[in-house]
Structures are given as structure tokens and as C-alpha cells.
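Sharing a structure, written as C-alpha cells. Questions coming.
The values are calculated or read from the model by the stated rules, or taken from the named source; none is laboratory data. The structure presented is a predicted model; accordingly, all values stated were derived computationally and were not measured. In this analysis, Cβ positions are derived from the backbone assuming ideal geometry, glycine residues included, and neighbour counts consider all displayed protein chains.
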Amino acid sequence: MWQASSAESDGLVAAGGVPQATAPGEGAATTGSPRPSVSPAIHTLGLHKRYRRTVAVKSLSVSVGRGEIFGFLGPNGAGKTTVIKMLLGLVKPTAGEAMVLGAPVGDRRTRRRIGYLPEMFRFQPWLTAAEVLRLHCRLLELPRPSWEQSISESLETVGLAERAGDRVAGFSKGMQQRLGLGVALLGGPALVFLDEPTSALDPVGRHHVRQITRDLRERGVTVFLNTHLLAEAEQLCDRVAVLDKGAVVASGSLSELLGRHSRVRLKLSAAPAGWTTGLSAFGAWRTEGEWTTVEGVDPDAIADLVNLIVAGGGRVEAVIPEHQNLEERFLELLQEK
Amino acid sequence: MIYRIRTIAALTIREAARRRLLAALVGITVAMVGLSAWGFDRLAHGGALTSGESTLALPQSLILFMFMFSFVVALSASAIASPSVASEIESGVLMTVVTRPIRRGEVIIGKWLGLAALLAGYAAAVSVLEMGVVDWVSGYLPPNPVLTTVYLFAEGLLLLTLALLLSTRMSTLAAGVVGIALFGAAWLAGVVGFLGTTFGIGALRTIGRISRVVLPTDGLWHGAIYYLEPPSLLRAHSLGQNENPFFTRSPPSWVYLAWVGVWFVAVLGAAILSFDRREI
Ligand SMILES: Nc1ncnc2c1ncn2[C@@H]1O[C@H](COP(=O)(O)OP(=O)(O)OP(=O)(O)O)[C@@H](O)[C@H]1O
Ligand SMILES: [Mg+2]
């Protein structure tokens, strides 16, 4: 179960490896630099949302450190989008509170440093891509001389430079999502919310988005990523939380989430009678031909396991420790519930 | 604040221009004005009327035509305002706008100003075209075209503001239908009030009075009528008759106009509050 206190320390430690020590009182809202500061990028306490009879989010307490890429996973209807919307002030929580970049949710000045790519990305169809970005430069109140540069950089990043002058109405879904990403990145935000940012993208686009996300990490930008693509989360995220029916069922760094449940595959050429007797102490096991698989072995205990077999007169030809992948772990977590 | 409001207002106007909304309206309006020009030409030069008759017939016909235009202005106002918030919430366009450093109230005021500017342009165009064409074909110009236009615009703006409020809570279609239905109901209540006055039925008169307070469109329409009435028409009407759906004896009182001002502030304020609490 998720604990508010452990979540907080997780967040602070995992902040992209950058030391968290900063002068006391250096508030997030007062510094314009993406440098991590004292307060976590996101901190929620008992955040709760009920729609009439459905509880979308159950008192969620979560903390995301500055510069961290935080993955939010969960099946359809788990409440991921609702959490993002609450953190952006689009939806009012039924209970609980949240701080974003050191300011209460919805704080107007803080919003200048937040980028958002919605799940249902739509832009004024009668504007061109460049005009949409210009509108957002205006809304962000960026200095006017920097607009053209920001706009062309943004278009370049998301691969829409050639379509800058075309109306959004004529854009494919993937192009609109790219534009949405461009809008989210405009003005150098310190925190970016991406709600399934690759849902409409082709494989090349997905690859680009992963690259963009890594670049954001380089620049110390915090990324809050909702995704169904577990491989994406595996490749990108410093930390993930798995949400189911509005509650967090597991969280932590990927190695924390997966490491505890590694498995070992062993190939034995000579197996003495009764060699399996001690095996159950290490985990559930099964044999298929020459191969034996032991599930849930503590990585530190693998040597002991091999010793046991050798001491019993067995010949071990291969030991392959396998990490469970996120998908398996994900399915397991949801079944446990 | 002004900067952000102006951004939204300019965006609203640009949308109307890009979507050829104005072009479509102007096209329809020109067709209607052409029709009325032909009618006035027949009326003035057809030889069917004596000169005495035509001094009454021309103003009365213009009032009827302007009534039709007031209807078109009001419907257009409702049509442009009812999708302004609702459809952008439905499509999701507003999600990336309201998460920028802009207040929700600034979005509403910006939209209101942008739509109001469009409506003012349209009301002015309708008035200039219609009254200009009538003057040209028949030589008749009502006593105060400017104030007539102002009342025509105010009537439309009232419905625009109401539709904007409805749009923060209802779907585009519902907001449009409800806005137009209320406008129709207010006009009908005006007719009911007229019947009440004419036949001395207190209850009907009260309905007319209440509706003019709750939704002052009919009251403002009578303001427009007043400035379309030349002295000859005022004199010709029987003394017993004060008001009918196409005639009025006096302009709206200052008290009534002050109330209309309060109404605008209240409804626009309600729209801002409602949008502020709306989950998007
Ligand atoms: N506006 C709303 N009114 C009523 N219920 C809602 C509303 N928005 C969300 N919900 C409910 O809240 C729950 C969580 O929805 P949410 O959109 O946050 O899920 P999600 O995790 O983002 O799902 P997906 O992966 O499909 O995007 C669902 O049960 C949904 O039905
Ligand atoms: Mg979602």
C-alpha cells in the first residue's frame, strides 16, 4: 500500500540524481530556473474525487520530485486523467489537497511554468499550427521578440515545421497530437503533464516523443506521464505508480517494482534424485525438460540456490536470472486486487 | 488583464471571420433588404396609396420590417453565443486555454466582448442597409435611426449574454434552443400584457410586466420602435391605445434602462461564476 511519507522521501531522492539541498525558503514560484528546489514538483495529500456514484480517485497521496519522470499507469477508468485534471485545476477535488511547483493547485502564476498535453487534444481548427502556438505564446505572456523563435523551435521539435502554415482542421490525428506536444513544450515549462502522449502516433513519432522526454529530463524538467504503453514507461520513467480503481496499488522505481520478483531459469545436465527438495524455500518452481524455472527468487539468494544444487551433486550448465517485465508485473498487480 | 481579455476577444472575432459566419449573415441580410426595397418601392410609387395614407403606411411598414430584422439580430446573437463555451468544452479546445495563466473570468469577458463587437457590427450593418435603402427608394427616414440601432443592438446583446450564460452549463444545442425559446416567450408575454391592458385583465397585464423585468428584450424592442415613429404616427394613434407589439407611446424610462444595466451585470457575473466552477 502507498504511504504518504515514503512517497515523499521517494520523490525527493529520485529527483534525477540532483542534490536537493537548497537554501531554505527558496520557493519554487520565485525561481525561474528549472533547477530543482526544496519543494517537490507535485505533492498531493488525500486527493479524492467522486462523481455522483463513481469514485474516480481514492485519497491519493503522491509526491513527484523535481526533474523526475514519473509514470502513471493503470487500466482504463483507473483515474489517471482525473488526477492530472485535478492537478491542473480543471476538475475540483472532492477532498484533499495538492501543491504543484510549490504553489496550491490552479495558482495562476505557476501555470506559466506548466505544460499540458491533454488526452483529448484539440485545437482551434480554423487556426494554422503556427497561429495556435502564437496564441499560446500570448496566453503565456512570453516576451514578444521571442515568439517566432519559440514557435519555430517548438514546430521543429515535434516535426511539424513544414506544416506550420496549414490549418489545424486539415491535420491528421497524429499531427494534432504533435501540435499538442509542441504547445505543451512552449515557453520552457518546469513541469509537463503528458496524458498518453503517443496514443495517436506512428512508431517513428513514438520514438521521437521518447527522445523529447529524455531531453526534458536532461534539462531538469519534471514530466508526469500517463501511459498504457508499459514499454514506454519502462524505458523512460524514473518512478512509476500503478493506479487501479482510483487507488495506488504499487509504486516506486522500476527496480523496486520489478526487482523483488525476479525469476531464475536453470539448466541442469545431471540432476541427482531428490534435488528439488530444498527448492521450495527459494520460490515456486516448475520443470520443463532440462530447464527449471524458480519464480520470485530474491536476487541475493541466487548463489545459495546454485550452491544447494551443486552440494546435492547436480551439474548446473546455465543460470539465467530474469527480471519480470513491467507488463507481467502490471497484470499480476491488477489480479492481486 | 486587459491584454488577456483582448487576446480572447480577438480570437473570437477571428473565428467568426475565418468561419465565414459574417459573410453568411451579410448574404442573407442583403437578400432581405432587397426584398424590402422592392416592397417599399411599390408602396411609395405604386399609386395605390394617397399621400396621406403613405405617411402612415411607410413608417408602419418599416417598423414591421425592422421587427423582422430585430428577430434576425436576436437569433444571430443567440446562435453565435450558444456554442462559444459549450462546444469548446465538448471538443476539448478550452482545456489548453484555461490551464494557461488566464483567469476563467477573463475568458468569459473576452468572449463576450468579441461577440458583442460582432453583433454591434451586424446590427449597424442591418440598420444602415435597411433604413438607407428605404430612404433611397421612398424618401422616408425614421426620426432617430441611431437610437433605433442602439436599441436593436441592446436587445441582441441581452440575448447574447443570456446564451453565453447558458453555454457555460448546457450543450450548444440546448443553450441555443433555450435562449431562443426564452426570447420568444418574452415577446409572447409582451403580447399577453398588451391584451391584458386592452381588455383590462389584470393577471395578463402582470405577466407582461414581469416578463419585461425578467428578460427585457421586449422592453428594448419597444425602445427601438419609439425611435422609428414619426410624430404623424404618434398623433394618428387613438389616445386610448398606449402600447401594442408594434407601437409605443413613450421611450423606456431611465429606471427601466438602469434595470437593464443591472440585468447585464448580473447575468454576465453569473456566467463568470458558472464557468469558474465548471469542470472541464
Ligand atoms: N466527467 C465525469 N463524470 C462522471 N464520471 C467521470 C467523469 N470523468 C471521469 N469519470 C469517471 O472517473 C473514472 C476515472 O476516469 P479517468 O478518465 O480518470 O480514467 P483514466 O485512468 O484516465 O482512463 P483511460 O486509461 O481510459 O484514459 C472512470 O470511472 C470514469 O467513468
Ligand atoms: Mg485517461
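Mind listing just one residue for me: the one in region A:84-95 that is over 15 Å from residue A:243 (Cβ atoms) and of a type outside the set (Lys, Arg) and, of those, nearest to ligand 1 (Cβ to nearest atom)? Don't jump to the end; show me each part of the working.
Looking only at region A:84-95, we keep the residues that are over 15 Å from residue A:243 (Cβ atoms), and these are A:88-95.
If we keep only those that are of a type outside the set (Lys, Arg) as well, we get A:88-91, A:93-95.
Values: A:88: 13, A:89: 15, A:90: 10, A:91: 8, A:93: 13, A:94: 12, A:95: 15 Å.
Here the answer is A:91.
When only residues in region A:113-154 that are more than 16 Å from ligand 1 (Cβ to nearest atom) and under 22 Å from the mean Cα position of the chain (by Cα) count, which is nearest to residue B:89 (Cα to Cα)? First the steps, then the outcome.
So in region A:113-154, the residues more than 16 Å from ligand 1 (Cβ to nearest atom) come out as A:113-115, A:123-154.
Checking the rest, the ones that are also under 22 Å from the mean Cα position of the chain (by Cα) come to A:113-115.
Values: A:113: 23, A:114: 20, A:115: 19 Å.
Going through the qualifying residues, I end up with A:115.
Now for a different question. Picking from A:96, A:159, which residue would you name as being more than 11 Å from chain B (Cβ to nearest Cβ), in contact with a strand residue (DSSP E or B) (Cβ under 6 Å, 6 or more places away or on another chain) and at positive phi? Explain how you work it out, then say what you get.
Numbers: A:159 fails: in contact with a strand residue (DSSP E or B) (Cβ under 6 Å, 6 or more places away or on another chain).
So the residue among A:96, A:159 that is more than 11 Å from chain B (Cβ to nearest Cβ), in contact with a strand residue (DSSP E or B) (Cβ under 6 Å, 6 or more places away or on another chain) and at positive phi is A:96.
Another question about this same structure. What are the residue pairs meeting all of these: first residue in region A:71-83, first residue away from chain B (no Cβ under 14 Å) and among the hydrophobic types (A, V, I, L, M, F, W, C), second residue part of a helix (DSSP H, G or I) and within 6 Å of ligand 1 (Cβ to nearest atom), Cβ atoms under 6 Å, and 6 or more apart or on different chains?
A:72/A:80
Need the failing condition index for residue B:250 against (1) under 20 Å from residue B:66 (Cα atoms); (2) surrounded by 17 or more Cβ atoms within 10 Å (Cβ to Cβ), just the number.
(2)
Just need a number here: residues in region A:99-151 that are among the acidic types (Asp, Glu) and more than 11 Å from chain B (Cβ to nearest Cβ).
Of all residues in region A:99-151, those among the acidic types (Asp, Glu) come to A:107, A:119, A:131, A:141, A:148.
From the residues that got through so far, the ones that are more than 11 Å from chain B (Cβ to nearest Cβ) too are A:148.
Of the residues in that region, 1 qualify.
Do the conditions hold for residue A:122, that is, is it assigned by TED's automatic domain parsing to the domain that holds residue A:86 and surrounded by 17 or more Cβ atoms within 10 Å (Cβ to Cβ)? If you could, list the steps in order and put the result at the bottom.
Working: assigned by TED's automatic domain parsing to the domain that holds residue A:86: yes; surrounded by 17 or more Cβ atoms within 10 Å (Cβ to Cβ): yes.
Judged against the criteria, residue A:122 is a match.
Can you tell me which residue among B:234, B:257, B:228, B:273 is away from ligand 2 (no atom under 16 Å from the Cβ) and either of a type in the set (S, T, N, Q) or touching a helix residue (DSSP H, G or I) at 6+ places or on another chain (Cβ under 7 Å) (or both)?
Numbers: B:234 fails: either of a type in the set (S, T, N, Q) or touching a helix residue (DSSP H, G or I) at 6+ places or on another chain (Cβ under 7 Å) (or both); B:257 fails: either of a type in the set (S, T, N, Q) or touching a helix residue (DSSP H, G or I) at 6+ places or on another chain (Cβ under 7 Å) (or both); B:273 fails: either of a type in the set (S, T, N, Q) or touching a helix residue (DSSP H, G or I) at 6+ places or on another chain (Cβ under 7 Å) (or both).
That would be B:228, the only listed residue that is away from ligand 2 (no atom under 16 Å from the Cβ) and either of a type in the set (S, T, N, Q) or touching a helix residue (DSSP H, G or I) at 6+ places or on another chain (Cβ under 7 Å) (or both).
How many residues are assigned to a loop (DSSP other than H, G, I, E, B) and within 21 Å of the chain's Cα centre (by Cα) when one looks only at region A:92-112? Show your work before the answer.
Step one: list which residues in region A:92-112 are assigned to a loop (DSSP other than H, G, I, E, B), which gives A:92-94, A:101-102, A:105-109.
If we keep only those that are within 21 Å of the chain's Cα centre (by Cα) too, we end up with A:101-102, A:105.
Total meeting the criteria: 3.
Suppose we filter region A:299-309 for residues that are out of contact with any helix residue (DSSP H, G or I) (no Cβ under 7 Å at 6 or more places or on another chain) and surrounded by fewer than 15 Cβ atoms within 10 Å (Cβ to Cβ); how many remain?
Residues that pass the stated criteria total 4.
Can you report the number of residues in region A:42-83 which are near ligand 1 (Cβ under 8 Å from one of its atoms), assigned to a loop (DSSP other than H, G, I, E, B) and buried (at least 23 other Cβ atoms within 10 Å of the Cβ)?
Residues meeting the conditions: 3.
Shifting gears a bit: Of everything in region A:206-245, what is small (Gly, Ala, Ser), surrounded by 19 or more Cβ atoms within 10 Å (Cβ to Cβ) and at pLDDT 90 or above? Give them in sequence order.
Restricting attention to region A:206-245, the residues satisfying the condition of being small (Gly, Ala, Ser) are A:220, A:231, A:233, A:241.
Filter once more, keeping what is surrounded by 19 or more Cβ atoms within 10 Å (Cβ to Cβ): A:233, A:241.
Matches in region A:206-245: A:241 only.
Determine whether residue B:76 is farther than 30 Å from residue A:185 by Cβ and in contact (Cβ under 8 Å) with a residue 12 or more places away in the chain.
On the way: farther than 30 Å from residue A:185 by Cβ: yes; in contact (Cβ under 8 Å) with a residue 12 or more places away in the chain: yes.
Spelling it out, residue B:76 is indeed farther than 30 Å from residue A:185 by Cβ and in contact (Cβ under 8 Å) with a residue 12 or more places away in the chain.
If you don't mind, there's one more thing I want to ask. Can you give me the ranges of the helices (runs of 4 or more DSSP H) entirely in region B:1-106 with at least 2 residues that are more than 14 Å from every other protein chain (Cβ to nearest Cβ) and over 21 Å from residue B:225 (Cα atoms)? Talk me through it step by step, then tell me what you get.
On the way: elements: B:2-18, B:21-45, B:51-91, B:93-98.
Where helices (runs of 4 or more DSSP H) fall fully within region B:1-106 and carry at least 2 residues being more than 14 Å from every other protein chain (Cβ to nearest Cβ) and over 21 Å from residue B:225 (Cα atoms), they are B:21-45, B:51-91.
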